[in-house]
Every structure is written in C-alpha cells, then in structure tokens.
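We did not get these values from a lab; they are worked out from the coordinates using the rules stated. As the structure is a computational prediction, the values presented were derived from the model and not from experiment. Cβ placement follows ideal geometry from the backbone for every residue including glycine, while neighbour counts extend to all protein chains displayed.
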Amino acid sequence: MKRYSALSLFREGLNDQKGWQAAWRNPEPKSEYEVIIIGGGGHGLATAYYLAKEHGITNVAVLEKAWIGGGNTGRNTTVIRSNYFFRESAEFYDFSVKLYEGLSKELNYNIMFSQRGMWNIAQDRHGLEMLRRAANAMGLNGVPAEFHTETEVRRRIPLLNDAPRFPILAGLLQSRGGTARHDAVAWGYARGADARGIDIIQNCEVTGFDIKNGQIQGVKTSKGNIKAKKVALAVAGHTSVLAELAGFRLPIISYALQACVSEPVKPVLDTVVMAMGTGVYISQSDKGELVFGGGIDHYPSYAQRGNLPVMEHTAAGIVDMFPQFSRMRFLRQWAGIVDVMYDSTPVVGKSPIDGMYLNCGWGTGGFKAIPAGGFCFAHTIAQDEPHHLVTPFNLKRFETGALIDEATGAGIAH
Amino acid sequence: MLQINCPYCGPRSEVEFRCGGESHIKRPGPPEDVSDAEWSEYLFFRKNPKGIHFERWLHRFGCGRWFNIARDTVSHEVLHEYAIDMPAPTIIEKTK
Ligand SMILES: Cc1cc2nc3c(=O)[nH]c(=O)nc-3n(C[C@H](O)[C@H](O)[C@H](O)COP(=O)(O)OP(=O)(O)OC[C@H]3O[C@@H](n4cnc5c(N)ncnc54)[C@H](O)[C@@H]3O)c2cc1C
Ligand SMILES: [Zn+2]
C-alpha cells in the first residue's frame, strides 16, 4: 500500500495524477477462508481491518452483494456523538468517538472528522427536563456535555428562528460530537484491510448457509460456495433475511430512514442541530449542502426510498427552526434500510448457530459506532467471546430482561 | 404515499392510519406454563420479511378500527385488506 501524504499529493500533481494505485484489489473468492464477513458496510470493513490488525487474522473475506459502502454507511447523515443515557451505551459509543478522533491517522486516510459540536435543543418543559437529566447522566458516565439556556444557544447558533412555533428553551452541547465523511470511513477501512491481505469481494451476494449439526460450515453465494468455520453478519437492514436463511429469527424490524441534501451554499451553519420538538436535525457538509433528516418511515420496508409524509414533516421541522432555508431547493433525497431493535440497542455477539456471529441492530445510529463496532466485533470473532464493551449487547437480553432502552433513555433519534 | 382501503370506510390516504406491525401472533398461555424463552419470542422476535408481510393497521384518524393488510415490503403494494379476525390469505407472489 502506497501511503498518502502531502508530498505524494504534490508529486502526483506534477505527474498528471498518473501514479496513484487502486486503493484495494478486486480478487475472486477463494474456496475457503478462516473468517467470512457478510456485508461491506462500515461495520463489516472495520471488523475486517481490526481482525487483521489486532488479532493477526488475515485469511478473511468480506462479501458485499453490491458495492462497498453502498448501504447505510454511504446513505447516512454522518452525525457522530456519544450522548447516551445508560452506562453500557455511553462507554461503548464514547470509545467509538475516541477511535474516530485518531482514525484519519490510523488509516492514513482523511475521513474528515470535524468535531463541530452536536446540539440537542429543548422546545418544551419536558424536553428541558430531558436535557437536564441527559446532562447529569452524561456527567456520571464521564462524557463531557454543556447545558446552556436560550440566550447562549442563540448566541452560538445565530441563525435560529426568532419566533419558532416550538420555542427554544435550552440546549445540550456535546462539543466532541460532529460529522465525518461517510464514504471515506468505508474506503479507509477497506484500504487498510486489503493492505493486510484481506479479500474484499464486491458483487457477491450471500444466498444461503451450509450448517451441519448447528455449526456453520460455509456460505452459498452468487459466486459459488465458500467454506469457513466462522461467519460474521454485518448486513444492517437485511439481518432478518439472512437469519431466516440460517433458520432463526431476531427482534429486529427493518424500516426506511430518509435523508436529503439541499443545493450547496456558502457556510451558514457550523454545528449539528437537533430539534427535540420536531425530531429533525441538520448540519452543513463541507461541500456546502445542508444535510438533514428526521425519524423513520412509519411501516416496515425494504425499499431504499422514503415516503412523502415523513419527508414533508422533516422539511417542515427544518423550516420552523431555520425559516431562511425555506427557499432552498432539494438536491437529492434517499433512504436506507435500518435495522431497528426493540430496545434501540445493537447486538454484537453470538448467534444461535455455532461459529456464526451477529453485528446488527444499529438502527438509525450506527455510523458513529463503526470504529468501536468493528473493533469489538473482531475481538468477539477472534476470541469466540464478546469484547467486554459489547457483553451487554447480547441477544439473550430479550429473555433475561436486561434491555438497554435508549429510545426512552436518551430519546435517540439517529 | 400509500392509499389504503379501510374495510369499513373505503380508500383513504396513508396519513390517516397507523401500522401496528406483524399480525397473527398468538399469545402463549396459560401464563404459568410459559417459559422466559417463549415470552421473549412472543414479545420481541418477528419475521420481518422482505416480501409479503401480513400486518395490522389502525384507521386512527377515521373509524378507529383495526384490520389486517397484506403488503409487499419492497414495492409497498397493498395486496389485500381483510378483517382483524380473519386468517392470513394465501397470496401467490407476483413476479414482475
Ligand atoms: C438516512 C440515514 C441517516 C443516518 N444517519 C446517521 C447518523 O447521522 N449518525 C449515525 O451514527 N448513524 C446514522 N445512520 C445509521 C447508519 O448509517 C447505520 O447504522 C450504519 O451505517 C450501519 O452500518 P453497517 O455496516 O452495519 O450497514 P451497511 O452500511 O448498510 O452495510 C451492510 C451491507 O451489507 C450488504 N448486504 C446485505 N445483504 C447482503 C447479502 N445477502 N450478501 C452480501 N452483502 C449483503 C449491503 O449491500 C450493505 O452494503 C443513518 C442511516 C440512514 C439510512
Ligand atoms: Zn376506517
């Protein structure tokens, strides 16, 4: 792997950009691997990277049915934060933020992590109390957060509507939160994994499993059968589909989550703002587009497109907060299929099949989790034992009752 | 936007309704005979199919009644509406 540097940029500038090499190979699958990872999104690729880097396991294939990063990883609004309520979540997501802080260097790939801060805005008395409670919970969990009243919120975000339908009462700021370039996260991990000898195989759909006596033997794919004693699922909204092929069910429902971007404009918004009154959020990309989203569509879906009522509600919420934006045009709108867990907490751990591992249930908020998810999942696969940060994220919790309900805890929206 | 045919009120727009998730789930019982694993399966585990889904809907801002629909989760096409106490219809999947 040729390292990227300021010098290499300069040199290629003089060289008509002809000396760059492909960031990863395009291999055909071998007949057998030590580990097969299904799904070339951020979680699958990060898992591959850490399997090689932390555990020296390089006889690994990542099988992606389309192109890497083309799922939710390349469709999300890239908000990174760790403002969770329960200790289990806070520890895990804060570890992820820390990994993000060093990721460009770690991968020698600019993921453009910009810690521009993440604001939650309270718009009624209950929201205000939620924010105070969140500030305390975060403090107890060792995650720094700042509570500010209306005057300070307005000083920091001058663009806010003077008289919105839902008043602005207070804000909670996680200043280490922010955004990153989603494609770069997928590509950076892919390049790092490939450089360590891992095969990334695109256009290779897993269509079935070979299971004997409850133990995984391999997978069936559109490129033929491939053997492996360890198979790891990281397929987000399609986890139930693959689980059905393996003969078990999961506490997951797949929904479409939409987002959109406006035409690009000059810098107007230098932070991420989430309005609790309407459940919508917005930031501005480095290209100048306003990136915004809201809640999930209202019924189960595997269609990667959103429906109009939710989109309308989202746009209305944005305009209430920033009326100036009402005259801007949509450039693109899209949706990803998110894997929503009953308690809004993921599963990273073992499945009912021996040798088959699960990384799923990230729902509307797993981009921020990619580094830690990959790190802990790699550990889980290599050691056949969950990493301590994901031990609470097991499947058994639905039987024992040890749910980690972040939907009510942190009111998570994305 | 979906148009849903409420069996009681006729065709109405999607925003009048609320989706109540998978239908035809039978509550296990009697309670004292139900294991934790069975409760868990009943409460949380779902088919979540890519394809035809039999689901409950409520005509919330209409007659207020529950009914079932069969809907394709990929095309979103509503194939069938039927009463809440009716068994799931047999549907031959359309191939496009
Ligand atoms: C609109 C939107 C906004 C979001 N905003 C945020 C946000 O601001 N912050 C945040 O933290 N999170 C956000 N998320 C959530 C986040 O995008 C996801 O949780 C995260 O990207 C999941 O990563 P993944 O690798 O698990 O899944 P994906 O990136 O979806 O990867 C799964 C891959 O598996 C592949 N696959 C599926 N089936 C098969 C098969 N049979 N064989 C082979 N491959 C298969 C798919 O093609 C896909 O590439 C958002 C999501 C959406 C849709
Ligand atoms: Zn009705």
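Side notes on the structure shown:
- Selection among A:Phe330, A:Ala22, A:Phe377 by position relative to the dipole of chain A gives A:Ala22 as farthest towards the positive end (Cβ unit charges, Cα centre).
- Of A:Ser222, A:Ser114, A:Ser8, the sequence from fewest to most neighbouring Cβ atoms within 10 angstrom is A:Ser222, A:Ser8, A:Ser114.
- About the centre of its Cα atoms, the protein assembly as shown shows a dipole size close to 1120 debye [charges on the beta carbon of Lys, Arg (+1) and Asp, Glu (-1) only; nearest 20 debye].
- A:Leu169, A:Leu51 arranged by Cβ crowding within 10 Å, fewest neighbours leading: A:Leu169, A:Leu51
- Within chain B, helix-based [θ] at 222 nm, where runs of 4 or more DSSP H residues each add -39,500 (n - 2.57), nearest 500: -2500 deg cm²/dmol
- Electrostatic dipole magnitude of the stretch B:3-83 [Cβ: Lys, Arg +1; Asp, Glu -1; Cα centre; debye, to 20]: 320 debye
- Pairwise Cα inverse-distance average, inverted: Kirkwood Rh of the stretch A:54-152 (Å): 16.6 Å
- Pairwise centroid distance, computed over Cα atoms, of the stretch B:1-33 with the stretch A:140-203, Å: 37 Å
- Equivalent ellipsoid dimensions for chain A as semi-axes, Å, which come from the Cα gyration tensor, largest first: 35, 26, 20
- In terms of overall dimensions, the C-alpha atoms belonging to the stretch B:3-83 reach 43, 28, 18 Å along their principal axes, ordered largest to smallest.
- Ordering B:Cys6, B:Cys63 by the number of other Cβ atoms within 10 Å of each residue's own Cβ, fewest first, gives B:Cys63, B:Cys6.
- In the stretch A:317-414, the trypsin sites (Lys or Arg not before Pro) that fall in loop regions by DSSP, at most 14 other Cβ within 10 Å: A:Arg329, A:Lys396
- In order through the stretch B:10-25: 3J(HN,Hα) via Karplus (6.51 cos²θ - 1.76 cosθ + 1.60), integer Hz, x for Gly, Pro: x, x, 9, 7, 3, 5, 7, 10, 10, 7, x, x, 3, 9, 6, 8
- For chain A, DSSP calls about 70 percent of its internal beta bridges antiparallel.
- Average silhouette area of the stretch A:1-47, convex hull of alpha-carbon atoms, in square nanometres: 5.0 nm²
- Here the translational diffusion coefficient of the stretch A:192-296 follows from Stokes-Einstein with Rh set to the Kirkwood radius across Cα pairs; for 20 °C and 1.002 mPa s it amounts to 121 µm²/s.
- Isolated cysteines in chain B, defined as those with no second cysteine Cβ under 4.7 Å, comprise B:Cys19, B:Cys63.
- Computed [θ] at 222 nm, deg cm²/dmol, chain A (DSSP H ≥ 4; -39,500 (n - 2.57); rounded to nearest 500): -9000 deg cm²/dmol
- Size of charge dipole - the stretch A:278-341 - debye, nearest 20, with Cβ of Lys, Arg +1 and Asp, Glu -1, no other charges: 240 debye
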